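Here's the structure we're looking at; comments come further down.
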Amino acid sequence: MTGKQQPRLEAAGITKMFGGIRALNDISLEVLPKQIVGIIGPNGAGKTTTFNVITGAYRPSTGEVRLDGKAVTAEPSHLIARAGISRTFQNIRLFGDMTVWEHLLVAQPHSDFTLRRLLPTRWADPQAFRRAEEILEFLKLADVKDRIARSLPYGIQRRVEIARAISARPKLLLLDEPVAGMNHDEADDIRRLILTLRDSGLSILLIDHDMAFVMNLCDYLYVLDFGVMIAQGRPDQIRSNPVVLDAYLGHAT
Amino acid sequence: MMSTYYAGLLADVGILLLGALSVYIILATGQLSLGNAGFMGIGAYLTSYLTVTMGVPLTLALVIAAAASGAIGVIIGFPALRLRGIYLAMATLGFGEMVRSFFLNFDAMGGAGGFHGMRHVSLGYIWTWAAAILLLVAILEHSQIWLELRAVRDDETAAALVGLDTTTIKVGAFGFAAAVAAIAGGLFAHHHVYIEPGNFSFERSIDFVLAVILGGSTVGAGALVGALLLVMLPEHLRFLADWRFAVFGGLLIAMLLVRRQGILDRSLFRFFEFRRSA
(Lines give C-alpha, C1' and ligand atoms only; values in the text may rest on other atoms or scores of the structure.)
Protein backbone atom coordinates (compact mmCIF):
# COMPACT_ATOMS: atom_id res chain seq x y z
CA MET A 1 0.00 0.00 0.00
CA THR A 2 1.34 3.47 -0.84
CA GLY A 3 1.40 5.79 2.14
CA LYS A 4 -0.94 5.63 5.11
CA GLN A 5 -4.58 5.94 4.15
CA GLN A 6 -7.05 7.29 6.72
CA PRO A 7 -9.03 4.21 7.74
CA ARG A 8 -12.80 4.39 7.56
CA LEU A 9 -13.11 2.38 10.75
CA GLU A 10 -10.53 1.91 13.45
CA ALA A 11 -10.99 -0.15 16.58
CA ALA A 12 -8.00 0.28 18.85
CA GLY A 13 -7.23 -1.90 21.85
CA ILE A 14 -10.80 -3.00 22.53
CA THR A 15 -11.25 -5.07 25.68
CA LYS A 16 -14.71 -6.10 26.81
CA MET A 17 -15.28 -7.72 30.20
CA PHE A 18 -18.52 -9.41 31.18
CA GLY A 19 -18.14 -9.84 34.91
CA GLY A 20 -14.90 -11.77 35.18
CA ILE A 21 -15.02 -13.03 31.60
CA ARG A 22 -12.77 -11.36 29.09
CA ALA A 23 -14.95 -11.57 25.98
CA LEU A 24 -12.61 -9.40 23.93
CA ASN A 25 -8.96 -8.97 24.77
CA ASP A 26 -7.14 -6.00 23.28
CA ILE A 27 -8.65 -6.26 19.81
CA SER A 28 -7.51 -3.82 17.14
CA LEU A 29 -8.70 -3.75 13.58
CA GLU A 30 -9.22 -1.33 10.74
CA VAL A 31 -11.28 -1.09 7.59
CA LEU A 32 -10.04 1.15 4.78
CA PRO A 33 -12.39 2.99 2.41
CA LYS A 34 -13.91 0.65 -0.20
CA GLN A 35 -12.38 -2.36 1.48
CA ILE A 36 -14.16 -5.62 2.33
CA VAL A 37 -12.84 -6.96 5.60
CA GLY A 38 -13.83 -10.22 7.25
CA ILE A 39 -13.76 -11.38 10.84
CA ILE A 40 -13.63 -15.13 11.19
CA GLY A 41 -13.28 -17.49 14.10
CA PRO A 42 -15.02 -20.35 15.86
CA ASN A 43 -18.29 -19.97 17.75
CA GLY A 44 -17.96 -17.83 20.85
CA ALA A 45 -14.76 -16.20 19.59
CA GLY A 46 -16.21 -12.71 20.14
CA LYS A 47 -17.14 -11.77 16.58
CA THR A 48 -20.65 -10.52 17.31
CA THR A 49 -19.42 -8.90 20.53
CA THR A 50 -17.00 -6.91 18.37
CA PHE A 51 -19.95 -5.74 16.23
CA ASN A 52 -21.90 -4.80 19.34
CA VAL A 53 -19.02 -2.68 20.62
CA ILE A 54 -18.63 -0.94 17.25
CA THR A 55 -22.36 -0.11 17.01
CA GLY A 56 -22.60 1.17 20.58
CA ALA A 57 -24.68 -1.66 22.01
CA TYR A 58 -21.84 -2.46 24.43
CA ARG A 59 -19.48 -0.01 26.04
CA PRO A 60 -15.94 -1.43 25.80
CA SER A 61 -14.03 -1.76 29.08
CA THR A 62 -11.05 -0.16 27.37
CA GLY A 63 -10.23 0.91 23.85
CA GLU A 64 -11.60 3.27 21.25
CA VAL A 65 -13.71 3.05 18.10
CA ARG A 66 -13.12 5.70 15.45
CA LEU A 67 -15.05 6.42 12.28
CA ASP A 68 -13.05 8.49 9.79
CA GLY A 69 -10.70 9.41 12.61
CA LYS A 70 -13.48 10.63 14.90
CA ALA A 71 -14.11 8.75 18.16
CA VAL A 72 -17.60 7.24 18.39
CA THR A 73 -16.87 4.87 21.29
CA ALA A 74 -20.02 3.92 23.21
CA GLU A 75 -22.10 6.73 21.72
CA PRO A 76 -25.84 6.01 21.66
CA SER A 77 -26.58 3.54 18.84
CA HIS A 78 -28.71 5.95 16.84
CA LEU A 79 -25.92 8.55 16.76
CA ILE A 80 -23.41 5.94 15.60
CA ALA A 81 -25.89 4.92 12.91
CA ARG A 82 -26.28 8.53 11.83
CA ALA A 83 -22.50 8.99 11.83
CA GLY A 84 -22.40 6.30 9.13
CA ILE A 85 -22.37 2.76 10.51
CA SER A 86 -25.23 0.39 9.63
CA ARG A 87 -25.53 -3.28 10.39
CA THR A 88 -27.50 -6.45 9.79
CA PHE A 89 -28.07 -9.20 12.34
CA GLN A 90 -27.16 -12.86 12.49
CA ASN A 91 -30.77 -13.71 13.33
CA ILE A 92 -32.63 -11.44 10.94
CA ARG A 93 -34.36 -8.58 12.75
CA LEU A 94 -37.02 -7.03 10.58
CA PHE A 95 -39.86 -4.83 11.79
CA GLY A 96 -42.86 -7.06 12.60
CA ASP A 97 -45.72 -5.94 10.43
CA MET A 98 -44.01 -3.56 8.04
CA THR A 99 -43.94 -3.98 4.31
CA VAL A 100 -40.65 -4.05 2.43
CA TRP A 101 -41.32 -0.53 1.22
CA GLU A 102 -41.91 0.76 4.75
CA HIS A 103 -38.60 -0.74 5.86
CA LEU A 104 -36.79 1.30 3.23
CA LEU A 105 -38.70 4.47 4.00
CA VAL A 106 -38.29 4.40 7.76
CA ALA A 107 -34.51 4.06 7.56
CA GLN A 108 -33.99 7.08 5.28
CA PRO A 109 -31.96 9.73 7.07
CA HIS A 110 -33.77 12.92 8.04
CA SER A 111 -33.25 15.82 10.35
CA ASP A 112 -34.76 15.62 13.81
CA PHE A 113 -37.16 18.49 14.25
CA THR A 114 -38.81 19.23 10.97
CA LEU A 115 -42.41 19.42 9.90
CA ARG A 116 -41.48 16.96 7.18
CA ARG A 117 -41.60 14.03 9.48
CA LEU A 118 -45.19 14.82 10.45
CA LEU A 119 -46.58 14.89 6.92
CA PRO A 120 -47.13 12.02 4.51
CA THR A 121 -43.69 11.07 3.23
CA ARG A 122 -44.79 11.03 -0.40
CA TRP A 123 -45.38 14.81 -0.39
CA ALA A 124 -43.16 15.93 2.41
CA ASP A 125 -39.91 14.29 1.39
CA PRO A 126 -39.99 13.28 -2.28
CA GLN A 127 -36.21 12.91 -2.16
CA ALA A 128 -36.38 10.21 0.50
CA PHE A 129 -39.17 8.62 -1.50
CA ARG A 130 -37.00 8.51 -4.62
CA ARG A 131 -33.97 7.17 -2.77
CA ALA A 132 -36.08 4.39 -1.33
CA GLU A 133 -37.30 3.57 -4.85
CA GLU A 134 -33.72 3.40 -6.11
CA ILE A 135 -32.71 1.01 -3.37
CA LEU A 136 -35.79 -1.08 -4.09
CA GLU A 137 -34.70 -1.41 -7.72
CA PHE A 138 -31.07 -1.90 -6.86
CA LEU A 139 -31.77 -4.82 -4.53
CA LYS A 140 -34.37 -6.28 -6.89
CA LEU A 141 -37.12 -6.00 -4.32
CA ALA A 142 -39.66 -4.15 -6.48
CA ASP A 143 -41.79 -7.27 -6.91
CA VAL A 144 -42.29 -7.70 -3.19
CA LYS A 145 -42.55 -4.00 -2.35
CA ASP A 146 -45.94 -4.22 -0.64
CA ARG A 147 -45.49 -7.57 1.05
CA ILE A 148 -45.01 -7.87 4.79
CA ALA A 149 -41.25 -8.38 4.99
CA ARG A 150 -41.36 -11.16 7.56
CA SER A 151 -43.69 -13.25 5.41
CA LEU A 152 -41.08 -13.50 2.65
CA PRO A 153 -38.62 -16.36 2.05
CA TYR A 154 -35.49 -16.32 4.15
CA GLY A 155 -33.12 -15.29 1.37
CA ILE A 156 -35.28 -12.30 0.47
CA GLN A 157 -35.57 -11.27 4.12
CA ARG A 158 -31.77 -11.00 4.16
CA ARG A 159 -31.90 -8.70 1.16
CA VAL A 160 -34.55 -6.58 2.88
CA GLU A 161 -32.34 -6.29 5.93
CA ILE A 162 -29.40 -5.20 3.79
CA ALA A 163 -31.69 -2.80 1.92
CA ARG A 164 -32.81 -1.28 5.21
CA ALA A 165 -29.20 -0.94 6.36
CA ILE A 166 -28.10 0.89 3.21
CA SER A 167 -31.21 3.08 3.29
CA ALA A 168 -29.65 4.77 6.31
CA ARG A 169 -26.84 5.86 3.93
CA PRO A 170 -23.91 4.37 5.82
CA LYS A 171 -20.23 4.73 5.01
CA LEU A 172 -19.53 1.42 6.67
CA LEU A 173 -21.78 -1.63 6.53
CA LEU A 174 -21.48 -4.40 9.12
CA LEU A 175 -22.86 -7.75 8.01
CA ASP A 176 -23.31 -10.43 10.65
CA GLU A 177 -23.26 -13.80 8.85
CA PRO A 178 -24.95 -12.52 5.67
CA VAL A 179 -25.13 -15.94 4.04
CA ALA A 180 -25.94 -18.11 7.06
CA GLY A 181 -28.51 -20.74 6.14
CA MET A 182 -28.41 -19.92 2.44
CA ASN A 183 -27.93 -22.30 -0.44
CA HIS A 184 -25.08 -21.83 -2.89
CA ASP A 185 -27.00 -19.73 -5.41
CA GLU A 186 -28.44 -17.42 -2.77
CA ALA A 187 -25.01 -17.01 -1.20
CA ASP A 188 -23.50 -16.18 -4.57
CA ASP A 189 -26.19 -13.55 -5.08
CA ILE A 190 -25.26 -11.94 -1.80
CA ARG A 191 -21.56 -12.12 -2.69
CA ARG A 192 -22.15 -10.22 -5.92
CA LEU A 193 -24.32 -7.74 -4.06
CA ILE A 194 -21.57 -7.06 -1.52
CA LEU A 195 -19.07 -6.48 -4.35
CA THR A 196 -21.44 -4.02 -6.02
CA LEU A 197 -21.95 -2.18 -2.74
CA ARG A 198 -18.21 -1.92 -2.31
CA ASP A 199 -17.84 -0.56 -5.84
CA SER A 200 -20.44 2.08 -5.05
CA GLY A 201 -18.15 3.37 -2.29
CA LEU A 202 -19.11 1.48 0.85
CA SER A 203 -16.65 -0.11 3.25
CA ILE A 204 -17.75 -3.48 4.50
CA LEU A 205 -16.93 -5.46 7.60
CA LEU A 206 -18.45 -8.91 7.75
CA ILE A 207 -18.55 -11.97 9.94
CA ASP A 208 -18.97 -15.44 8.52
CA HIS A 209 -18.30 -19.07 9.18
CA ASP A 210 -18.25 -20.09 5.55
CA MET A 211 -14.49 -20.07 4.84
CA ALA A 212 -14.85 -20.39 1.07
CA PHE A 213 -17.25 -17.45 0.99
CA VAL A 214 -14.99 -15.23 3.09
CA MET A 215 -11.80 -16.18 1.24
CA ASN A 216 -13.39 -15.37 -2.12
CA LEU A 217 -14.78 -12.05 -1.05
CA CYS A 218 -12.58 -10.28 1.47
CA ASP A 219 -9.56 -8.09 0.86
CA TYR A 220 -8.32 -8.61 4.39
CA LEU A 221 -9.13 -10.94 7.28
CA TYR A 222 -8.95 -10.93 11.04
CA VAL A 223 -9.10 -14.19 12.96
CA LEU A 224 -10.55 -14.24 16.47
CA ASP A 225 -10.35 -17.09 18.95
CA PHE A 226 -11.58 -16.87 22.56
CA GLY A 227 -11.62 -13.09 22.38
CA VAL A 228 -8.04 -12.85 21.14
CA MET A 229 -6.91 -11.75 17.69
CA ILE A 230 -4.76 -14.69 16.68
CA ALA A 231 -4.00 -13.70 13.10
CA GLN A 232 -4.63 -11.17 10.40
CA GLY A 233 -3.72 -10.82 6.76
CA ARG A 234 -4.79 -11.27 3.18
CA PRO A 235 -6.86 -14.40 2.49
CA ASP A 236 -3.89 -16.25 0.96
CA GLN A 237 -1.80 -15.51 4.05
CA ILE A 238 -4.58 -16.69 6.37
CA ARG A 239 -5.22 -19.87 4.43
CA SER A 240 -1.74 -21.15 5.13
CA ASN A 241 -1.39 -19.81 8.67
CA PRO A 242 -0.78 -22.73 11.06
CA VAL A 243 -2.25 -20.85 14.06
CA VAL A 244 -5.54 -20.40 12.17
CA LEU A 245 -5.68 -24.01 11.06
CA ASP A 246 -5.11 -25.03 14.64
CA ALA A 247 -7.97 -22.86 15.94
CA TYR A 248 -10.34 -24.18 13.31
CA LEU A 249 -9.40 -27.83 13.39
CA GLY A 250 -9.06 -28.10 17.14
CA HIS A 251 -5.96 -28.14 19.27
CA ALA A 252 -3.75 -31.11 18.59
CA THR A 253 -2.36 -31.40 22.07
CA MET B 1 -84.21 16.36 15.49
CA MET B 2 -81.98 14.10 17.54
CA SER B 3 -83.23 13.10 20.94
CA THR B 4 -81.24 14.31 23.93
CA TYR B 5 -80.77 10.66 24.78
CA TYR B 6 -78.85 9.99 21.56
CA ALA B 7 -77.08 13.30 21.74
CA GLY B 8 -75.78 12.29 25.17
CA LEU B 9 -74.60 8.95 23.89
CA LEU B 10 -72.85 10.51 20.90
CA ALA B 11 -71.09 12.97 23.17
CA ASP B 12 -69.85 10.01 25.20
CA VAL B 13 -68.62 8.37 21.99
CA GLY B 14 -66.68 11.50 21.00
CA ILE B 15 -65.03 11.77 24.41
CA LEU B 16 -64.26 8.06 24.56
CA LEU B 17 -62.83 8.28 21.03
CA LEU B 18 -60.31 10.87 22.20
CA GLY B 19 -59.41 8.81 25.25
CA ALA B 20 -58.98 5.73 23.09
CA LEU B 21 -56.79 7.65 20.64
CA SER B 22 -54.55 8.65 23.53
CA VAL B 23 -54.04 4.98 24.36
CA TYR B 24 -53.57 4.13 20.68
CA ILE B 25 -50.78 6.70 20.26
CA ILE B 26 -48.78 5.23 23.14
CA LEU B 27 -49.57 1.68 22.03
CA ALA B 28 -48.16 2.49 18.59
CA THR B 29 -44.71 2.58 20.23
CA GLY B 30 -45.37 -0.76 21.93
CA GLN B 31 -46.12 0.70 25.35
CA LEU B 32 -49.36 -0.03 27.20
CA SER B 33 -50.66 2.74 29.44
CA LEU B 34 -53.36 2.03 32.00
CA GLY B 35 -53.20 5.52 33.42
CA ASN B 36 -54.61 7.76 30.71
CA ALA B 37 -57.63 8.63 32.85
CA GLY B 38 -55.04 10.49 34.94
CA PHE B 39 -54.16 12.74 32.01
CA MET B 40 -57.88 13.08 31.30
CA GLY B 41 -58.45 14.17 34.92
CA ILE B 42 -55.66 16.72 34.70
CA GLY B 43 -57.26 18.09 31.53
CA ALA B 44 -60.74 18.15 33.06
CA TYR B 45 -59.73 19.98 36.21
CA LEU B 46 -57.35 22.39 34.54
CA THR B 47 -59.79 23.33 31.78
CA SER B 48 -62.60 23.80 34.29
CA TYR B 49 -60.43 25.94 36.52
CA LEU B 50 -59.48 28.12 33.56
CA THR B 51 -63.04 28.61 32.28
CA VAL B 52 -64.88 28.89 35.62
CA THR B 53 -62.38 30.68 37.83
CA MET B 54 -60.28 32.57 35.29
CA GLY B 55 -62.93 33.21 32.66
CA VAL B 56 -60.75 31.88 29.83
CA PRO B 57 -62.68 30.90 26.67
CA LEU B 58 -63.10 27.13 26.44
CA THR B 59 -61.10 26.55 23.25
CA LEU B 60 -58.11 28.43 24.63
CA ALA B 61 -58.50 26.63 27.97
CA LEU B 62 -58.42 23.27 26.17
CA VAL B 63 -55.26 24.21 24.29
CA ILE B 64 -53.55 25.34 27.51
CA ALA B 65 -54.63 22.19 29.36
CA ALA B 66 -53.43 20.03 26.46
CA ALA B 67 -50.02 21.69 26.53
CA ALA B 68 -49.72 21.35 30.30
CA SER B 69 -50.82 17.73 30.28
CA GLY B 70 -48.49 17.04 27.35
CA ALA B 71 -45.58 18.37 29.40
CA ILE B 72 -46.57 16.09 32.28
CA GLY B 73 -46.82 13.23 29.79
CA VAL B 74 -43.25 13.85 28.69
CA ILE B 75 -42.12 13.82 32.32
CA ILE B 76 -43.96 10.51 32.88
CA GLY B 77 -42.52 9.22 29.62
CA PHE B 78 -38.94 9.29 30.88
CA PRO B 79 -39.23 6.87 33.80
CA ALA B 80 -41.53 4.79 31.58
CA LEU B 81 -38.54 4.21 29.27
CA ARG B 82 -37.05 1.89 31.83
CA LEU B 83 -40.17 -0.26 32.05
CA ARG B 84 -41.72 -2.72 29.63
CA GLY B 85 -44.94 -4.65 29.23
CA ILE B 86 -46.77 -5.46 32.41
CA TYR B 87 -44.42 -3.39 34.59
CA LEU B 88 -45.11 -0.29 32.56
CA ALA B 89 -48.84 -1.04 32.71
CA MET B 90 -48.63 -1.22 36.52
CA ALA B 91 -46.61 1.99 36.78
CA THR B 92 -49.04 3.95 34.61
CA LEU B 93 -51.92 2.52 36.60
CA GLY B 94 -50.21 3.88 39.70
CA PHE B 95 -49.88 7.27 38.02
CA GLY B 96 -53.62 7.35 37.23
CA GLU B 97 -54.58 6.51 40.80
CA MET B 98 -52.11 9.12 42.05
CA VAL B 99 -53.83 11.81 40.01
CA ARG B 100 -57.25 10.70 41.19
CA SER B 101 -56.28 10.80 44.85
CA PHE B 102 -54.60 14.15 44.34
CA PHE B 103 -57.90 15.68 43.21
CA LEU B 104 -59.71 13.83 46.00
CA ASN B 105 -57.59 15.79 48.48
CA PHE B 106 -57.43 19.00 46.47
CA ASP B 107 -59.99 21.03 48.41
CA ALA B 108 -59.41 24.19 46.38
CA MET B 109 -61.39 22.50 43.62
CA GLY B 110 -63.96 20.71 45.72
CA GLY B 111 -62.03 17.59 46.70
CA ALA B 112 -64.35 14.62 47.04
CA GLY B 113 -67.35 16.94 46.57
CA GLY B 114 -66.42 17.62 42.96
CA PHE B 115 -66.31 20.82 40.95
CA HIS B 116 -69.02 22.54 38.95
CA GLY B 117 -69.95 25.79 37.27
CA MET B 118 -68.81 24.88 33.75
CA ARG B 119 -71.00 25.92 30.84
CA HIS B 120 -72.47 23.05 28.80
CA VAL B 121 -70.98 22.56 25.33
CA SER B 122 -72.82 21.37 22.25
CA LEU B 123 -72.44 17.96 20.68
CA GLY B 124 -71.11 19.70 17.58
CA TYR B 125 -68.27 21.28 19.56
CA ILE B 126 -67.23 17.94 21.06
CA TRP B 127 -67.25 16.26 17.68
CA THR B 128 -65.33 19.09 16.02
CA TRP B 129 -62.48 18.32 18.41
CA ALA B 130 -62.86 14.58 18.13
CA ALA B 131 -62.97 14.64 14.32
CA ALA B 132 -60.07 17.08 14.08
CA ILE B 133 -57.84 14.92 16.26
CA LEU B 134 -58.89 11.71 14.52
CA LEU B 135 -58.01 13.38 11.22
CA LEU B 136 -54.69 14.56 12.63
CA VAL B 137 -53.85 11.03 13.72
CA ALA B 138 -54.93 9.65 10.34
CA ILE B 139 -52.56 12.07 8.59
CA LEU B 140 -49.75 11.28 11.00
CA GLU B 141 -50.23 7.59 10.30
CA HIS B 142 -48.88 8.19 6.79
CA SER B 143 -45.89 10.18 7.96
CA GLN B 144 -42.28 9.30 8.60
CA ILE B 145 -42.77 9.75 12.34
CA TRP B 146 -45.45 7.06 12.46
CA LEU B 147 -43.23 4.59 10.65
CA GLU B 148 -40.64 5.38 13.30
CA LEU B 149 -43.15 4.71 16.08
CA ARG B 150 -43.96 1.34 14.55
CA ALA B 151 -40.29 0.52 14.10
CA VAL B 152 -39.66 1.25 17.77
CA ARG B 153 -42.56 -1.00 18.72
CA ASP B 154 -41.39 -3.85 16.52
CA ASP B 155 -37.69 -3.84 17.38
CA GLU B 156 -36.16 -1.05 19.39
CA THR B 157 -32.58 -2.22 18.90
CA ALA B 158 -32.89 -2.47 15.14
CA ALA B 159 -34.68 0.89 15.07
CA ALA B 160 -31.83 2.62 16.90
CA LEU B 161 -29.33 1.03 14.53
CA VAL B 162 -30.90 2.69 11.50
CA GLY B 163 -30.56 6.01 13.28
CA LEU B 164 -33.91 6.41 15.02
CA ASP B 165 -33.83 8.24 18.34
CA THR B 166 -36.00 5.79 20.25
CA THR B 167 -36.01 7.84 23.47
CA THR B 168 -37.44 10.95 21.85
CA ILE B 169 -39.96 8.89 19.92
CA LYS B 170 -41.31 7.08 23.00
CA VAL B 171 -41.34 10.14 25.23
CA GLY B 172 -42.90 12.22 22.46
CA ALA B 173 -45.68 9.68 22.05
CA PHE B 174 -46.42 9.93 25.78
CA GLY B 175 -46.57 13.71 25.56
CA PHE B 176 -48.86 13.75 22.53
CA ALA B 177 -51.14 11.11 24.06
CA ALA B 178 -51.35 13.04 27.34
CA ALA B 179 -52.39 16.16 25.42
CA VAL B 180 -55.15 14.26 23.59
CA ALA B 181 -56.40 12.72 26.84
CA ALA B 182 -56.49 16.17 28.44
CA ILE B 183 -58.74 17.43 25.65
CA ALA B 184 -61.03 14.46 26.26
CA GLY B 185 -61.09 15.51 29.94
CA GLY B 186 -61.85 19.16 29.20
CA LEU B 187 -64.71 18.19 26.90
CA PHE B 188 -66.00 15.68 29.45
CA ALA B 189 -66.08 18.39 32.13
CA HIS B 190 -67.96 20.81 29.90
CA HIS B 191 -70.38 18.17 28.71
CA HIS B 192 -71.35 16.90 32.16
CA VAL B 193 -70.83 20.36 33.76
CA TYR B 194 -69.80 18.59 36.92
CA ILE B 195 -66.66 16.57 37.67
CA GLU B 196 -65.45 14.56 40.62
CA PRO B 197 -62.25 12.54 41.08
CA GLY B 198 -64.17 9.27 40.64
CA ASN B 199 -64.80 10.20 36.98
CA PHE B 200 -61.13 9.60 36.26
CA SER B 201 -60.59 6.26 37.91
CA PHE B 202 -58.96 3.09 36.72
CA GLU B 203 -62.18 1.92 34.99
CA ARG B 204 -62.01 4.93 32.68
CA SER B 205 -58.48 4.00 31.63
CA ILE B 206 -59.65 0.44 31.00
CA ASP B 207 -62.50 1.75 28.82
CA PHE B 208 -59.93 3.53 26.64
CA VAL B 209 -57.86 0.38 26.26
CA LEU B 210 -60.94 -1.73 25.56
CA ALA B 211 -62.10 0.63 22.82
CA VAL B 212 -58.70 0.39 21.12
CA ILE B 213 -58.49 -3.38 21.39
CA LEU B 214 -62.07 -3.88 20.25
CA GLY B 215 -61.93 -1.45 17.34
CA GLY B 216 -58.46 -2.38 16.15
CA SER B 217 -55.14 -1.50 17.72
CA THR B 218 -53.15 -1.00 14.52
CA VAL B 219 -55.17 1.82 12.94
CA GLY B 220 -56.46 5.07 14.42
CA ALA B 221 -59.92 4.53 12.94
CA GLY B 222 -60.15 1.45 15.14
CA ALA B 223 -60.56 3.79 18.12
CA LEU B 224 -63.68 5.24 16.48
CA VAL B 225 -65.25 1.85 15.88
CA GLY B 226 -64.30 0.73 19.38
CA ALA B 227 -65.74 3.85 21.02
CA LEU B 228 -68.99 3.47 19.08
CA LEU B 229 -69.33 -0.19 20.06
CA LEU B 230 -68.41 0.35 23.68
CA VAL B 231 -71.03 3.06 24.15
CA MET B 232 -73.78 1.83 21.81
CA LEU B 233 -73.68 -1.92 22.28
CA PRO B 234 -74.63 -1.99 25.99
CA GLU B 235 -77.46 0.43 25.14
CA HIS B 236 -78.80 -1.87 22.45
CA LEU B 237 -78.55 -4.82 24.79
CA ARG B 238 -80.87 -3.11 27.25
CA PHE B 239 -83.62 -5.62 26.56
CA LEU B 240 -81.41 -8.09 28.39
CA ALA B 241 -81.80 -5.98 31.53
CA ASP B 242 -79.23 -6.89 34.16
CA TRP B 243 -77.61 -9.46 31.93
CA ARG B 244 -76.46 -6.98 29.32
CA PHE B 245 -72.98 -6.45 30.71
CA ALA B 246 -72.44 -10.19 31.02
CA VAL B 247 -73.50 -10.64 27.40
CA PHE B 248 -71.34 -7.71 26.40
CA GLY B 249 -68.37 -9.33 28.12
CA GLY B 250 -69.09 -12.58 26.32
CA LEU B 251 -69.21 -10.80 22.96
CA LEU B 252 -65.87 -9.19 23.76
CA ILE B 253 -64.24 -12.52 24.51
CA ALA B 254 -65.71 -14.08 21.39
CA MET B 255 -64.42 -11.20 19.33
CA LEU B 256 -60.88 -11.54 20.74
CA LEU B 257 -60.90 -15.25 19.96
CA VAL B 258 -62.03 -14.75 16.38
CA ARG B 259 -60.24 -11.54 15.51
CA ARG B 260 -57.49 -10.70 17.93
CA GLN B 261 -56.30 -7.59 16.09
CA GLY B 262 -59.68 -5.89 16.52
CA ILE B 263 -62.40 -5.09 14.00
CA LEU B 264 -60.28 -2.83 11.80
CA ASP B 265 -56.67 -3.57 10.92
CA ARG B 266 -54.07 -2.34 8.50
CA SER B 267 -54.44 -5.13 5.98
CA LEU B 268 -58.11 -4.21 5.62
CA PHE B 269 -57.09 -0.68 4.67
CA ARG B 270 -54.39 -1.96 2.33
CA PHE B 271 -56.99 -4.11 0.64
CA PHE B 272 -59.11 -1.06 -0.11
CA GLU B 273 -56.11 0.96 -1.23
CA PHE B 274 -55.18 -1.77 -3.71
CA ARG B 275 -58.67 -1.77 -5.13
CA ARG B 276 -58.60 1.96 -5.48
CA SER B 277 -55.29 2.04 -7.29
CA ALA B 278 -56.15 -0.98 -9.46
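The values are calculated or read from the model by the stated rules, or taken from the named source; none is laboratory data. Just so you know, these numbers come straight off a predicted model, no measurement behind them. Here the Cβ positions follow ideal geometry from the backbone for every residue, glycine too, while neighbour counts run over all protein chains shown. Side chains included, ligands, DNA and RNA excluded: accessible areas come from the protein's heavy atoms. Shrake-Rupley method; radii C 1.70, N 1.55, O 1.52, S 1.80 Å.
From the residues in region B:140-156 that are more than 7 Å from chain A (Cβ to nearest Cβ) and open to solvent by 30 Å² or more (accessible area, probe 1.4 Å), which one is farthest from A:ARG150 (Cα to Cα)? Here the answer is B:GLU141.
Residues being touching a Ser or Thr at 6+ places or on another chain (Cβ under 7 Å), of a type outside the set (Asp, Glu) and part of a helix (DSSP H, G or I) are represented in region B:252-270 by at least one member. Scanning region B:157-175 for residues that are open to solvent by 50 Å² or more (accessible area, probe 1.4 Å) and in contact (Cβ under 8 Å) with a residue 60 or more places away in the chain yields one hit, B:THR167. Within region B:189-196, is there a residue that is out of contact with any strand residue (DSSP E or B) (no Cβ under 8 Å at 6 or more places or on another chain), away from chain A (no Cβ under 13 Å), among the β-branched types (Val, Ile, Thr) and crowded, with 24+ Cβ neighbours inside 10 Å? No, region B:189-196 contains no residue that is out of contact with any strand residue (DSSP E or B) (no Cβ under 8 Å at 6 or more places or on another chain), away from chain A (no Cβ under 13 Å), among the β-branched types (Val, Ile, Thr) and crowded, with 24+ Cβ neighbours inside 10 Å. Under 25 Å from A:ASP68 (Cα atoms) and in contact with a helix residue (DSSP H, G or I) (Cβ under 9 Å, 6 or more places away or on another chain), is that true of A:LEU141? No. Pairs are defined by a Cβ separation below 8 Å, a sequence spacing of at least 6 or placement on different chains, a first member in region A:89-111 that is facing another protein chain (nearest Cβ under 7 Å), and a second member that is part of a loop (DSSP other than H, G, I, E, B) and open to solvent by 40 Å² or more (accessible area, probe 1.4 Å); the pairs so defined are A:PRO109/A:ARG169. Evaluating B:VAL209 against the criteria (1) farther than 21 Å from B:ALA178 by Cβ; (2) among the β-branched types (Val, Ile, Thr); (3) assigned to a helix (DSSP H, G or I) leaves one unmet condition, (1). The residues in region A:11-29 that are within 22 Å of A:LEU79 (Cα to Cα) and either surrounded by 18 or more Cβ atoms within 10 Å (Cβ to Cβ) or touching a helix residue (DSSP H, G or I) at 6+ places or on another chain (Cβ under 7 Å) (or both) can be counted, and the count is 4.
The set of residues in region A:49-70 that are over 19 Å from B:THR167 (Cα atoms) and within 13 Å of chain B (Cβ to nearest Cβ) comprises A:PHE51, A:ASN52, A:ILE54.
Just to be sure before I move on: is A:THR73 farther than 28 Å from A:LEU195 by Cβ and touching a Pro at 6+ places or on another chain (Cβ under 7 Å) in the structure I sent? So that I can check it myself, show each step before the final result.
Numbers: farther than 28 Å from A:LEU195 by Cβ: yes; touching a Pro at 6+ places or on another chain (Cβ under 7 Å): yes.
Criteria met by A:THR73.
Of all the criteria given as (1) in contact with a helix residue (DSSP H, G or I) (Cβ under 6 Å, 6 or more places away or on another chain); (2) farther than 22 Å from A:ASN52 by Cβ, the one not satisfied by A:ASP189 is (1).
Looking at region B:197-216 only, could you name the residues that are open to solvent by 10 Å² or more (accessible area, probe 1.4 Å) and more than 19 Å from B:PHE248 (Cα to Cα)? Answer for region B:197-216, where residues must be open to solvent by 10 Å² or more (accessible area, probe 1.4 Å) and more than 19 Å from B:PHE248 (Cα to Cα): B:GLY198, B:ASN199, B:SER201, B:PHE202.
With a cut-off of at least 3 residues that are outside the structural domain of A:GLU30 (by TED's automatic domain parsing) and either buried (at least 20 other Cβ atoms within 10 Å of the Cβ) or modelled with pLDDT of 90 or more (or both), name the helices (runs of 4 or more DSSP H) lying wholly within region A:121-225. First the steps, then the outcome.
Values: elements: A:121-124, A:126-138, A:154-167, A:184-199, A:211-217.
Result: A:126-138, A:154-167.
Among the residues of region A:120-128, is there at least one that is farther than 23 Å from B:SER267 by Cβ, facing chain B (nearest Cβ under 8 Å) and touching a residue at least 12 places away in the same chain (Cβ under 8 Å)? Spell out the reasoning first.
Filtering region A:120-128 for residues farther than 23 Å from B:SER267 by Cβ gives A:123-128.
Those still in the list that are facing chain B (nearest Cβ under 8 Å) too: A:124-125, A:128.
If we keep only those that are touching a residue at least 12 places away in the same chain (Cβ under 8 Å) as well, we get A:125, A:128.
Yes, region A:120-128 contains a residue that is farther than 23 Å from B:SER267 by Cβ, facing chain B (nearest Cβ under 8 Å) and touching a residue at least 12 places away in the same chain (Cβ under 8 Å).
For region B:251-271, the set of residues classified as of a type in the set (D, E, K, R) and within 11 Å of chain A (Cβ to nearest Cβ) consists of B:ASP265, B:ARG266, B:ARG270, listed by residue number.
Filtering region B:127-155 to residues that are over 19 Å from the mean Cα position of the chain (by Cα) and free of Cβ contacts under 8 Å to residues at least 24 places away in the same chain leaves B:HIS142, B:SER143, B:GLN144, B:LEU147, B:GLU148, B:ALA151, B:ASP155. Among the residues of region A:71-88, those that are in contact (Cβ under 8 Å) with a residue 40 or more places away in the chain and either of a type in the set (A, V, I, L, M) or more than 10 Å from chain B (Cβ to nearest Cβ) (or both) comprise A:ALA81, A:ILE85.
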